[in-house]
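The values are calculated or read from the model by the stated rules, or taken from the named source; none is laboratory data. Only a predicted model underlies this, so the values are computations on that prediction, with no experimental measurement involved. When we count neighbours, we look across all protein chains shown, and the Cβ atoms used for this are built from the backbone with ideal geometry, even at glycine.
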Amino acid sequence: MLSSSGSRKGLVSVITASSVGTLIEWYDFYIFGSLAAVIATKFFPAGNPTLSLLSTLATFAAGFVVRPFGALFFGRLGDLVGRKYTFLLTLVLMGLSTFLIGCVPDFSTIGYAAPVLVLLLRLLQGLALGGEYGGAATYVAEHAPVGERGFWTAWIQTTATVGLFLSLLVIITVKGNMSAASFTAWGWRIPFWLSIIMVGISILIRLRMQESPLFLAAKKSGQTSSNPLRDSFTKKYNFKFVLLALLGATMGQGVVWYTGQFYALSFIQNTLKVEVAQASQLIMWALLFATPFFIFFGWLSDKIGRKWIMLSGMLLAVVCYRPLYTAMYETGMTAGGGALPATLILDSANFWKMVALVFIQVFFVTMVYGPIAAFLVELFPTAIRYTSMSLPYHIGNGIFGGLLPAIATYLSTKATLANEIALQQQLPLPYEKPYLEGLWYPIVIATVSFVIGALYIRTTPQQKD
Amino acid sequence: MLNRLRRILGIGWIVIGILSGYYLLMSQAIPKFQSGQAADKIPALIYAFILLPLIVGSFLLFGYYALKGEYDQPE
């Protein structure tokens, strides 16, 4: 480890090289989502069932299928050949895919080749993201002193939020510097093109880094695994910890993360009808204020343990979500003068109140997410660490978190429909606040994860080197 | 005492696995299969053949391990 050779400066370089690359990967992944509406008009025009199918595939497969698959593929590679070259590969893959999405001609120019190319590139993005996080977290943790892993890996934990922030910032800046027509015509490509510059710089930084000292030591002593997939998932001793990491930690963390950062935005835009640019600005402020708490809770987890910080974040989320969303709804109603107009513009006081309400949710995210990289790293031995920690992370986030929009929409639509039917039949309304029904999904999942984590995760971290 | 609770709750995790499978099937997979829209077919297939086995399988195995005392801790 770097600390033993006395190089704190070296540790900062490791964090910088790892964090910048991971941040860019998150940025790349998010700009596709943030520009989904424009991309749909360019590559998946409405009214064509085949294009509609490809569009759905791009949305679903990248998050649900390819991310966990990328975790397995690159995790195995990282445990076999090393962390450094593997997460260098994921960075190149992500950067090239993102840049090329910005270069694909429209459907009107090259026909079906356009959506097929975009779909393939989006799948490559998902694959790269699946391999990146585990590599970066493992690489940083294996350089960090044992008692400081929470603090150092917390820098990696900020990257997902900062990546989202950066994607919103770049899109808003590009949009603000050209007409709406130019942005729709070609300006939307700029955020994708910018990626290649950022990835290029990050690759140069990463190329200068050394391999993880723990991996090198394990390799030297012949303690690396010849088949990490088999050792991770077919040996009961390891596999039971993979399950525990998934159900007792990443599952709850995934839904808290998605609720605080995506569901909040969707609720503000779609339920409260807040104007799109203002909604993005609002989220950006909340992210900006909350981000330092990732580092704080990572640092705190080194002092008092990781388990109860993560579980407290889940519990607070479970208890506070309904009051928070009620307050958000009432803020919107107040700003709209007692009703929600087609487009709501928040005045300054209500804007900052809404920022505070979103900030609280992101604060819960920092509690569950700040210490989790160190927690996952310490759960598994060096030989199978990359593989074993990547899969529960991406299933927890990609699948349990990724299911949130579909299930929350299903629950709230069902409640709204039941109210409409009751209204027609002049019966009492079954749901007092149908707009809150979608929250049952994160509440139930986080509760289950809390109970599993509280009962089955050992309080003393298993620090396996 | 806590180890007994960990083991007994193993049954609970198995039941949650079965219930979540039923819920995903009824609320997401089947309605999408029956919607008649081409775009719904892919999510329906992903729910039925990837997400459902993964989620149900994880809970069933975790519950089984818990029941067998694999997660017991020194008291």
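In the range B:45-54, how many are crowded, with 20+ Cβ neighbours inside 10 Å and more than 7 Å from chain A (Cβ to nearest Cβ)? Walk me through how you get there before you give the answer.
Going residue by residue through the range B:45-54, those that are crowded, with 20+ Cβ neighbours inside 10 Å are B:46-47, B:51.
Filter once more, so that each one left must be more than 7 Å from chain A (Cβ to nearest Cβ): B:47.
Count: 1.
Give the number of residues within the range B:26-72 that are part of a helix (DSSP H, G or I) and without any contact (Cβ under 8 Å) to a residue 24 or more places away in the chain. Please lay out each step first, then the result.
Our first condition is that a residue be part of a helix (DSSP H, G or I); within the range B:26-72, this holds for B:26-34, B:38-67.
Cutting the leftovers down to without any contact (Cβ under 8 Å) to a residue 24 or more places away in the chain gives us B:26-34, B:38-50, B:53-54, B:61.
Qualifying residue count, the range B:26-72: 25.
Results for (1) touching a strand residue (DSSP E or B) at 6+ places or on another chain (Cβ under 7 Å); (2) of a type outside the set (Lys, Arg); (3) within 14 Å of another protein chain (Cβ to nearest Cβ), shown as yes or no for each residue.
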site	(1), (2), (3)
A:360	no, yes, no
A:376	no, yes, no
A:385	no, no, no
A:398	no, yes, yes
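Given the criterion closer than 30 Å to residue B:72 by Cβ, touching a residue at least 60 places away in the same chain (Cβ under 8 Å) and not acidic (Asp, Glu), identify the matching residue among A:261, A:278, A:210, A:253. Lay out the reasoning, then the answer.
Numbers: A:261 fails: closer than 30 Å to residue B:72 by Cβ; A:278 fails: closer than 30 Å to residue B:72 by Cβ; A:210 fails: closer than 30 Å to residue B:72 by Cβ.
Matching residue, one of A:261, A:278, A:210, A:253: A:253.
Going by the structure shown, is residue A:63 over 23 Å from residue A:200 (Cα atoms), within 14 Å of another protein chain (Cβ to nearest Cβ) and either crowded, with 19+ Cβ neighbours inside 10 Å or at pLDDT 90 or above (or both)? Quick ask: steps written out before the conclusion?
Numbers: over 23 Å from residue A:200 (Cα atoms): yes; within 14 Å of another protein chain (Cβ to nearest Cβ): yes; either crowded, with 19+ Cβ neighbours inside 10 Å or at pLDDT 90 or above (or both): yes.
Here the answer is yes, as residue A:63 does meet what is asked.
Out of (1) facing chain A (nearest Cβ under 9 Å); (2) within 10 Å of the chain's Cα centre (by Cα); (3) more than 17 Å from residue A:403 (Cα to Cα), what's the single condition that is false for residue B:14?
(1)
Give, as residue ranges, the helices (runs of 4 or more DSSP H) completely inside the range A:197-266 that count at least 2 residues that are surrounded by fewer than 20 Cβ atoms within 10 Å (Cβ to Cβ). Step through it out loud before you land on a result.
Values: elements: A:213-220, A:228-233, A:236-245, A:251-258.
Helices (runs of 4 or more DSSP H) meeting the threshold: A:213-220, A:228-233, A:236-245.
If residue A:108 satisfies all but one of (1) over 25 Å from residue A:395 (Cβ atoms); (2) among the polar types (S, T, N, Q); (3) crowded, with 17+ Cβ neighbours inside 10 Å; (4) in contact with a Lys or Arg (Cβ under 9 Å, 6 or more places away or on another chain), what's the number of the condition it fails?
Result: residue A:108 passes all but (3).
For the range A:374-465, give me every one of the helices (runs of 4 or more DSSP H) that falls completely inside it and has 3 or more residues that are in contact with a Phe, Trp or Tyr (Cβ under 7 Å, 6 or more places away or on another chain), at negative phi and not small (Gly, Ala, Ser). I'd like the intermediate steps shown before the answer.
On the way: elements: A:385-394, A:404-424, A:440-456.
In the range A:374-465, the matching helices (runs of 4 or more DSSP H) lie at A:404-424, A:440-456.
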